[in-house]
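Written below as structure tokens is the structure these notes are about.
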Amino acid sequence: DTEVTQTPKHLVMGMTNKKSLKCEQHMGHRAMYWYKQKAKKPPELMFVYSYEKLSINESVPSRFSPECPNSSLLNLHLHALQPEDSALYLCASSQRSGGDYGYTFGSGTRLTVV
Amino acid sequence: LAKTTQPISMDSYEGQEVNITCSHNNIATNDYITWYQQFPSQGPRFIIQGYKTKVTNEVASLFIPADRKSSTLSLPRVSLSDTAVYYCLVGEDTGFQKLVFGTGTRLLVSP
């Protein structure tokens, strides 16, 4: 299995809702990432998990809460989002290696906040 | 992380060769150059990576001059399905680090 699977593919939520995005990989990668991408813009890094521990938080608002329950799973919990948080949320994974830049991205979750 | 500069957009026709150049004047000794392709509403997909000279795979070629301050992604005989955004990234060849995307080049292939 060489894929990163993200669910759901589409999500519409109200500003008072709580929802979660899920990301799963079975490639044995020990780093996992959340990126946010607005329309016609490049992906922007949000969080990096290394060996299930949060290693980088790019000053993301607390209404986004990441969680890494195990080496294969990465969640992003959403609460009290704003309409400007509507975007494509991408998950990626990578392995530490000397010869392969090995970042694999999922297809993303299209989030709409109403 | 070295900053990269690419053309915002390029146009081509089916069957032509497309060359997309990326400038990275501040590239460090340990940095590699990697290109990703992204279709609308999909995640970026790794295309090719190189350190110096020329690298070729089944999809593309990557040309890197001796000073490594720029690189050129070459797509032979493009088709309509090559219409996408292409990102050039520069960084150490390890995982577990920030992957910082520049603005990318939007390639449009017409019939």
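Before moving on, here are some points about what is shown:
- Farthest toward positive dipole pole in chain B [+1 Lys/Arg, -1 Asp/Glu at C-beta], among B:46, B:108, B:80: B:46
- Size descriptors for the protein assembly as shown, from the alpha-carbon set: Rg then Dmax equal 17.8, 55 Å.
- Restricting the calculation to Cα atoms, every distinct pair contributes to the Kirkwood radius of region B:42-81, found to be 11.2 Å.
- Between residue A:112 and residue A:10, the distance separating the two model label sites (each 7 Å from Cα on the Cα→Cβ line) works out to 0.7 nm.
- More than 22 Å apart - percent of Cα-Cα pairs taken over chain B: 27
- Among the trypsin sites (Lys or Arg not before Pro) found in region B:38-111, those both in a DSSP coil and sparsely packed, with 16 or fewer other Cβ atoms within 10 Å of their Cβ, are B:52, B:69, B:77, B:98.
- Each of B:66, A:95, B:9 was placed along the dipole of the protein assembly as shown (beta-carbon charges, centred on the mean Cα), and the one lying farthest toward the positive end is B:9.
- Charge dipole of the protein assembly as shown (Cα centre as origin; +1 on each Lys and Arg Cβ, -1 on each Asp and Glu Cβ, all else neutral): 460 debye, rounded to the nearest 20.
- Spatially proximal aspartates and glutamates relative to residue A:41 (Cα-Cα < 16 Å; intrachain offsets below 8 disregarded): A:84, A:85
- Spin-label pair residue A:38/residue B:42, simplified geometry with 7 Å Cα→Cβ offset, distance in nm: 2.5
- Computed over Cα pairs, the Kirkwood radius of chain A leads via Stokes-Einstein (0.692 mPa s, 37 °C) to a diffusion coefficient of 232 µm² per second.
- D (Stokes-Einstein, µm²/s), Kirkwood Cα radius, region A:1-63, 0.890 mPa s at 25 °C: 179
- Note on region A:36-89: Kirkwood radius taken over Cα pairs, Stokes-Einstein applied at 25 °C and 0.890 mPa s, translational D equal to 202 µm² s⁻¹.
- Between residue B:52 and residue B:14, the C-beta separation translates, for a Förster distance of 30 Å, into a calculated FRET efficiency of about 0.40.
Read-outs throughout are calculated quantities, based only on the coordinates presented, and are distinct from any laboratory measurement. All figures in this text were calculated on a predicted structure; none of them were measured in a lab. For neighbour counting, all protein chains shown are included, and Cβ atoms are generated from backbone atoms with ideal geometry for every residue, glycine included.
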